[in-house]
Structure formats: structure tokens, C-alpha cells
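Scroll down for the structure; my scribbles are underneath it.
The values are calculated or read from the model by the stated rules, or taken from the named source; none is laboratory data. Quick caveat: nothing in here was measured; it's all calculated off a predicted structure. Cβ sites come from the backbone with ideal geometry, for glycine too, and all protein chains shown count toward neighbours. For accessibility, only protein heavy atoms count, side chains too; no ligands or nucleic acids. Shrake-Rupley method; radii C 1.70, N 1.55, O 1.52, S 1.80 Å.
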Amino acid sequence: MNFSEVFKQSNQLCKVSPDGKYLATCVQYRLVIRDINTLQILNLYTCLDQISHMEWSSDSLFILCAMYKRGLVQVWSLEQPDWHCKIDEGSIGLVSSRWSPDGRHILNTTEFHLRITVWSLCTKAVSYIKYPKACQKGLDFSRDGCYMALAERRDCKDYVSIFVCDDWHLLRHFETETQDLSGLEWSPNGSVLAVWESCLEYKILLYSLDGRLLSTYSAYEWSLGVKSVSWSPSSQFLAIGSFDEKVRILNHITWKKVAQFEHPAVIDNTKATVYKEIEKRPTVTSDEMSLHNITVASSLFSTQSKYEISPLPVQIPVVKPDPDRANPKIGVSALAFSSDSRYVATKNDNMATAVWVWDMQKVRLEAVLEQTSSVRCFQWDPRRPRLALCTGNSKLYLWSPGGCVSVQVPAEGGFQVHSLNWHRSGDSLTLIGKDQLCLCYMDTEQDDK
């Protein structure tokens, strides 16, 4: 495993292009484009203000930079560095900006969610979509880029509109059986749209492309409900994480529950492996205590860590949430399927130091990773069943069915990993800190053995 040098970034804005060839980073009002292999700067663009949001077009030819405070969007071309586009929303403001799947239209959501403006880069035509709902996830494109589902709120009722992305004509418009719709998401094959209620009620609705209600699922009543939702890449399963600390898996044929995963405080499941992170402070000899070593090698004092397999039963640290505060730290807030749909990883908020890995084939707990700090982020390798996670310290953690490893990031100045992203090839990771980033390259020969 190798690491690149450290680069500057602002607002954690750094993204690899969809084709995997370029790395874009924002440093305040500057946009820097690097070659992903050599990390040489290819292009440097200057925006009119500090960049709030940055996004690649699907074909990796254009890049969008939004400055929400100014109501501005600037678009830059990689092929023609002299070409640029500026969109000014004016006094109506701007809270969100994103590409359409074709990479030639930009969707801007105005302040107070008054409307969505669709700007065409090809024809300069402008379209308006009224009544978008301000919610957790109110807009989603199907994986093939053909359709857009949009949550709407009008006359105190929730609706969903399905648009055809080619010319933005309305395909279907229907009222949903929700009191306060919180989010929607297409299945990866684009045949089913999952819609869920706000956290005040446990309710998942499944609609077909033509707006028919296929099924409704509710696990319980009169308690905080859905907290996270994720489709398996195969579209066969829908995983629902909720405030009752459980994950329920629905199947795509009957839309009934096929499995339920619980997060107990005591693990006594003999088939599961519990990996516990053990920290060890290095002993520093007097020869290493020279002023030069102290200033140059900050890694000299960094805490080493390794995983040990804990004998069962294992007690997982639980933090009791404050019931009087909004958004209590309880329940399954993050869940993700591996690329082959074999495993699902979950995080239960009141057990913030643990990541749980479940085997979908055997329908049981496979492993638990108990960290010394709260887990910030985890993500599956897009090519193989390998999970990367970080906890806001200077280490990268990896799990695969073969075991677990803790790796020290050898960057100067105490680089702390706040989030991470896999390259589409699965051969490298972008590690993102507070105002820096570095790349981690996997030893692919070793992985294939």
C-alpha cells in the first residue's frame, strides 16, 4: 500500500472524474484539475467566489462549481479551457445545483425551494419545475439516466412527478400516501421507486414507473421510524434502517420482510468475528528525541493500532441518547451493500464506535469492527467485497472476508482522515481531511492472490 503526498482542499471538495482519469479539488475560489496517475496539474480555474459545491458531468468533460451565497454557478470545460459558462440566479437565490445524467443540463434549486430551474448548455433554453419539496432526498435520477423522480408539495399534500430527461416532459404525476414525504430513491434497475415517510412514522411505499402503488411496508406504529434506506446493487433487496436499532430487508418479489438484523449490546453469536482495535503508544528512545526528529517526524509520536479478535461474549459500548434533544443519536443511520450484494455494512448511532457486517447469503452477522473512536465514514470497494472506514484519526481501516487491517497514513503534520472515496477501479482511495487530502494506492497484485 502506497500513499501520495498531501494536497490542499477546502470544504472537503475533491472528486475523481466518472471516467477515473482526473482528480478535481477546490481550494477556496480555485479549481485544480490533476491527472489521477501522475498528480500533475492539468488545469487551474479561478471562480468568482469561494466554491460551495463541485460536481463532474457524467462524461467527465465539464465540471460545475456552485457559489450558493452569491447565487452563482460556473461551468468549466476540460477540452476547451477557454470556454466557460456562468449562471446567475439573481435575487431568487440558490441552495442546490446538480447535473442532469446527460451532462448537458444543470438543475438549480432556488431558495425556499420555490422552483427548480433547468438550464441547457447546448441550446441555452431554460425550463422551470414548480413546487419541489424541501426534504432529505427529494430528487433522484434512474441509473440509466432516462427518468427523474421529484417530490412535490402543493395544497398541503405530497406528490411525485416523473419526468423524461430527454426533453423534460412530464411522464407521470401522482399523489403519494404520505403525511410528510422525506425521501425517494429509484431501484438500480429503474423499475421501482421507493418513497419513505418522515422519521415520525415508519412507512415505505413502493411505486412502479407508471405511478401504481405496488406495496406499502410499515414495521411498527407510534414511534420514530425510518432513518436510512439502501437498495442492493442487484435491486433484489431493499434495506431499511430505523430508530429501533434494527435493519429490515425486503425482497423485490413480494415486498415482504425476508430478514431482520438487530444490534445487541452484547454479542454472543458464535459464528460472528469481533475485531477490536487495540492502541499502543510507541516507546521513544532518547536518541530519537532530538529537536530535528520532533519537528520533522510527527509520526514518531503517533499511536499505533492493530486489530485483535475478541473472545465472545463481547460488550459493545453504548451511549444513551438524550430523549429531550432533537434528532437523538440512536438507530441505524448508515447502511451500504457491497458491490456483489453479498454483504451489508451498518452503523447504529448509539454504538458509534462499531461497524457491523452482515452476510446476505447466510442471513447472519459476519463481523463487527469495534474502533477506539466514533466511525466517521465507511464505503465498499466498487469491485470486490472490501470495506474501508475512517474514524477521524490518522489511520485507514480495511475489512474483507479474510480479515481486518489498520494502516497508519504516513503524512506529515498529523493528517486526519475525515472521509474517504474509492476510485471506480478499486485500486486506490481518496482520503479527505479537514483541509487536506491524499491518495492511497492498493497493492493490486497482492489483492488478486
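Observations
- The residue that is farthest from L437 (Cα to Cα), among those in the stretch 1-23 that are among the polar types (S, T, N, Q) and in a loop (DSSP other than H, G, I, E, B), is S17.
- Looking only at the stretch 220-241, residues that are closer than 20 Å to N327 by Cβ and under 26 Å from the mean Cα position of the chain (by Cα) come to 9 in all.
- When the stretch 123-179 is filtered for residues that are of a type in the set (S, T, N, Q) and open to solvent by 90 Å² or more (accessible area, probe 1.4 Å), the ones remaining, listed by number, are T123, Q136, Q179.
- Criterion (over 25 Å from K86 (Cβ atoms) and not polar (S, T, N, Q)) met by exactly one of V118, V160, V126: V160
- Across the stretch 52-73, the qualifying residues are those that are within 17 Å of R104 (Cβ to Cβ) and open to solvent by 10 Å² or more (accessible area, probe 1.4 Å), and the one among them that is nearest to the chain's Cα centre (by Cα) is E55.
- Some residue of the stretch 330-348 being within 26 Å of G403 (Cα to Cα), over 27 Å from the mean Cα position of the chain (by Cα) and modelled with pLDDT of 80 or more: no
- Filtering the stretch 192-211 for residues that are part of a loop (DSSP other than H, G, I, E, B), polar (S, T, N, Q), more than 21 Å from the chain's Cα centre (by Cα) and over 30 Å from A125 (Cα atoms) leaves an empty set.
- Qualifying residue in the stretch 129-136 (condition: under 15 Å from V75 (Cβ atoms) and among the aliphatic types (A, V, I, L, M)): no
- Scanning the stretch 354-370 for residues that are surrounded by fewer than 19 Cβ atoms within 10 Å (Cβ to Cβ) and either among the β-branched types (V, I, T) or assigned to a strand (DSSP E or B) (or both) yields D359, V363, R364.
- Per-region count, the stretch 122-143, residues part of a loop (DSSP other than H, G, I, E, B), in contact (Cβ under 8 Å) with a residue 12 or more places away in the chain and closer than 16 Å to R104 by Cβ: 1
- Listed here are the strands (runs of 3 or more DSSP E) enclosed by the stretch 377-426 that have at least 1 residues being in contact with a His (Cβ under 8 Å, 6 or more places away or on another chain): 377-380, 387-390.
- Total residues in the stretch 21-31, condition within 22 Å of D427 (Cβ to Cβ) and either surrounded by 16 or more Cβ atoms within 10 Å (Cβ to Cβ) or touching a His at 6+ places or on another chain (Cβ under 6 Å) (or both): 4
- Restricting E197, E221 to residues that are closer than 22 Å to V247 by Cα, acidic (D, E) and touching a Gly at 6+ places or on another chain (Cβ under 7 Å) narrows the list to E197.
- Count - residues of the stretch 212-260 that are of a type in the set (K, R) and either surrounded by fewer than 18 Cβ atoms within 10 Å (Cβ to Cβ) or outside any strand (DSSP E or B) (or both): 3
- Among the residues of the stretch 70-91, those that are part of a helix (DSSP H, G or I) and at pLDDT below 95 comprise G90, S91.
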